[in-house]
1. Would you work out the charge dipole size for chain B about its Cα centre, treating the Cβ of every Lys and Arg as +1 and the Cβ of every Asp and Glu as -1, and quote it to the nearest 20 debye?
2. Just to check, using Stokes-Einstein with a Kirkwood Rh over alpha carbon pairs, what's the diffusion coefficient of the stretch B:105-145 at 4 °C and 1.567 mPa s in µm²/s?
3. Take the alpha carbon atoms of the stretch A:67-146, find their radius of gyration, then divide it by 2.2 N^0.38 Å using N residues; give the quotient.
4. For the stretch A:80-213, what is the Kirkwood estimate of the hydrodynamic radius, computed as the reciprocal of the mean inverse distance between distinct Cα atoms, to one decimal in Å?
5. What dipole magnitude, in Debye to the nearest 20, does the stretch B:12-78 give about its Cα centre under +1 on Lys/Arg Cβ and -1 on Asp/Glu Cβ?
6. Estimate the FRET efficiency between A:Val156 and A:Arg55 by the formula 1/(1 + (r/R0)^6), using the beta-carbon distance for r and 56 Å for R0, to the nearest 0.05.
7. Along the three principal axes, how long is the stretch B:30-116 when you take its alpha carbons, biggest first, rounded to the nearest angstrom?
8. Restricting to DSSP loop positions (anything but H, G, I, E, B) with no more than 12 other Cβ atoms inside 10 Å of their own Cβ, which chymotrypsin sites (Phe, Trp or Tyr not before Pro) remain in the stretch B:18-93?
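Coordinate-derived values only; no laboratory data. Quantities reported herein were computed from a predicted structural model and do not represent experimental measurements. Neighbour counts are summed over all protein chains in view; Cβ atoms, including those assigned to glycine, are modelled from backbone coordinates with ideal geometry.
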Number of protein chains: 2
Amino acid sequence: MSGNAARSGVSVVSRAMAVLTTFDQDHARLTLTEIARRADLPLATAHRLVGELARAGALTRAEGGEYVVGRTLWDVGLLAPVQVDLREVAAPFLQDLYGATLATVHLAVRERLRALYVDRLVGNRSVPVVSRVGSRLPLHSTGVGKVLLAHAPADVREQALLSLEQVTPFTVTQPARLQRQLTRVLTDGFATTSEEMSLGACSVAVPVADRRGDVVAALGIVVASLRRDQGRLVSALTVAAKGIGRSLA
Amino acid sequence: MSGNAARSGVSVVSRAMAVLTTFDQDHARLTLTEIARRADLPLATAHRLVGELARAGALTRAEGGEYVVGRTLWDVGLLAPVQVDLREVAAPFLQDLYGATLATVHLAVRERLRALYVDRLVGNRSVPVVSRVGSRLPLHSTGVGKVLLAHAPADVREQALLSLEQVTPFTVTQPARLQRQLTRVLTDGFATTSEEMSLGACSVAVPVADRRGDVVAALGIVVASLRRDQGRLVSALTVAAKGIGRSLA
DNA sequence: AGCCTCCTTCCACTGGCCGGAATCCTAGTG
DNA sequence: CACTAGGATTCCGGCCAGTGGAAGGAGGCT
């Protein structure tokens, strides 16, 4: 009658991973109870798993008793080959771009219906932004997202147009209007946003094409206003994007 | 007689973590057999664990059949609070420093008897270096290491002086000589190396002190030669380090 | 073919995992 | 101070998931 009632049949490993993936950018520190709830595990089970993960260094206990991702996982995670060639090649160009504009610089690739930010540079006097390395943001409300979407296969574009979340009052949510913008992105060679992702932040972005001409990433910068020198920014971005493309294998 | 002979008594979780920690900077892609050997697990056991980890997204199978760290772990690992305040505060200063010098810029903290590189900027025309974010390099053969060691507690210094690995022909391996250098680091306010970590690379580094005056990190740059403008580099580094220190909470 | 290395599958045994329940903490409340 | 509420921790018997030696592919090289 007592003891283990319904062993759910999933492996320990997948449960442990479920615990780990309860952490995300908005939930970087969690209590045991939250972990159990989010991973859908009995409290006692979560307690044991979390304890073992902590002992192994995968999790660490913060001051308040909450759990955070541990240093060991940081080490291991850094080894993941997530766009490493692209990032290594692009890094110097991002730095030059930052030096020339002093604006926040973004490098993103498309991951299904999201823009995955693989690298980022933020300055002292830059406009505050929500993105971080590893962030996944909507394709329709960011500069890099629009570029990636404009160059995406037709089926991806169609699916993306089906659900346009209203992030700020200025987010473009009408499919027809966004479609027109995407067409212009292809002809103009760059995309812009005006407070469509976060208030007070505008952005410009250009595609990064490899030697075969395929768009593999988008390069963008975030500024307070585009009124002034949009032309100069587009030029700087284009030069950097070309440089990255040429350096890709 | 058959079946499971000696269940070693360790949990599945710790075994899974043992598998994950077989990966390091010099072994970013491993075959199943290598994993089993390095984690000291029977092949069949390693095979099952690796399979489950791969199914959970913690590992990915590369083209050649080797395993690499998966995207899921990259996501989770990025959430680890490893010097996040320091890194966020320092990032803009590193970028300015790169802009002013076009040299590779390093930010490192001390982790026991190693220098842990928490951030890094590498340019197009920079001297090639071995460090990456997450690298742990010796304290006695790197610029940032010497700074961190000079400001470390006495017991740490003593212990570090006991084993000075000869990395290149120019590495300082005599304890007395290194001790004299460390004393100078304290009076001069900066440390230098000349091809002591890798041939063809020299470095300058300065301490980053928080508001209480405690040295919490070291900031360094790597150049081909120090002959020319060591003074200018030290100045730029000092300014940046002061700025970081002032911005720390 | 023969040999070698690495990968995959099989299967009987058993000890580590499971999780409801009880207990221990805090912190907040009347 | 007693009481409550929410979370964290410990307990413990039952049982199945994990274990790993062995055997069987799959290539590659001589």
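1. 140 debye
2. Details: Rh = 10.4 Å.
Answer from the Stokes-Einstein relation: 125 µm²/s.
3. Numbers: Rg = 13.7 Å, N = 80, 2.2 N^0.38 = 11.6 Å.
My calculation over the Cα atoms of the stretch A:67-146 gives 1.18.
4. Radius from the Kirkwood sum: 15.2 Å.
5. Its charge dipole is roughly 200 debye.
6. It comes to 0.85.
7. Cα spread of the stretch B:30-116 along its principal axes, largest to smallest: 53, 29, 24 Å.
8. Numbers: sites: B:Phe23, B:Tyr67, B:Trp74, B:Phe93; in loops: B:Phe23.
Qualifying residues, ordered by number: none.
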